[in-house]
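Colleague: Can you keep this structure in mind? I'll have questions shortly.
The values are calculated or read from the model by the stated rules, or taken from the named source; none is laboratory data. Just so it is clear, the model here is predicted, and its values are computed rather than measured. Virtual Cβ from ideal backbone geometry, glycine too; neighbours counted across all protein chains shown. The accessibility values were calculated without ligands, DNA or RNA, using every heavy atom of the protein model including side chains. Shrake-Rupley method; radii C 1.70, N 1.55, O 1.52, S 1.80 Å.
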Amino acid sequence: MLKKLLFLLCATSALAQNVCQPDAPGSYKVRLSINTALDDQAYTWNDNEMYLFRATIAFAMRQQFPGQEYEVSNILVCELKPRVSFWFVVTSLENPATPVGKELVESAVRKSRNRINSAFLLTDQTLEFLGIPPTLASPVVPATEPWLIVFGVVMGVVCAGIIFLLVSGVVQRKRKKNKKAPDADEETRETSENPDGIYNRSFSDDDKFTQM
């Protein structure tokens with residue numbers, strides 16, 4: 001069993017040297033800015049972190065292609081640099097010596113980019129897949145349909161106009177009543193001075209001459 005495991009490790013290492021090379025077909029360079037992103041909370045990149053990276057890529061491939069059980073062994077890495085950067089390639093399930101097409105890897109990475117970033121507490125700017133553009137944010141879908149918003153605005157304007165007309169009509173009627181009130185008071189006062197409703201100043205002048 002131990003001999004078999006050693007053989008697989010040696011075979012994987014040899015395969016990685018042949019398939020995973022800088023600028024080779026199907027290979028991608030990854031660059032991480034851990035210290036820049038996390039500052040005092042930055043972690044050290046080691047074999048465990050590399051295993052997690054390979055696992056996340058295998059996860060992305062499985063998510064993109066259901067039923068195709070990619071394993072960590074299908075993700076080869078090479079040219080690891082301390083700062084941290086390295087190259088990786090995804091090998092075919094049928095032939096481990098053949099890399100998966102670049103468009104397939106790109107679509108898988110783009111689809112699971114957020115999951116990959118969150119696994120390392122990084123972002124599109126601090127976990128860069130050179131040659132794979134960052135995933136564009138999905139368009140925001142409003143909770144309310146646009147036509148409902150427009151309908152609500154129009155109805156609001158119509159209701160405001162109706163209320164304005166009603167209020168202005170009430171105000172105008174009150175003003176008319178206030179204008180008629182003084183005229184009514186004058187008529188009442190004249191009627192109280194002359195109950196019969198007839199007042200002839202010529203008779204009053206005749207009374208004055210008669211007394212004289």
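Colleague: Among the numbered criteria (1) within 25 Å of Asn18 (Cβ to Cβ); (2) open to solvent by less than 70 Å² (accessible area, probe 1.4 Å), which single criterion is violated by Phe120?
Modeller: (1)
Colleague: I've got another one for you. Determine which member of the set Asp47, Asp40 is at pLDDT 95 or above, closer than 23 Å to Thr123 by Cα and surrounded by fewer than 11 Cβ atoms within 10 Å (Cβ to Cβ).
Modeller: Asp47
Colleague: Right, something else. For the condition among the polar types (S, T, N, Q), modelled with pLDDT under 90 and open to solvent by 30 Å² or more (accessible area, probe 1.4 Å), what is the one hit in Gln68, Gln17?
Modeller: Of the residues listed, the single one that is among the polar types (S, T, N, Q), modelled with pLDDT under 90 and open to solvent by 30 Å² or more (accessible area, probe 1.4 Å) is Gln17.
Colleague: Would it be correct to say that Ile149 is surrounded by 14 or more Cβ atoms within 10 Å (Cβ to Cβ) and under 32 Å from the mean Cα position of the chain (by Cα)?
Modeller: Judged against the criteria, Ile149 is not a match.
Colleague: Give me a count of the residues in segment 71-91 that are in a strand (DSSP E or B) and either in contact (Cβ under 8 Å) with a residue 12 or more places away in the chain or open to solvent by less than 10 Å² (accessible area, probe 1.4 Å) (or both).
Modeller: Adding up the residues that qualify gives 13.
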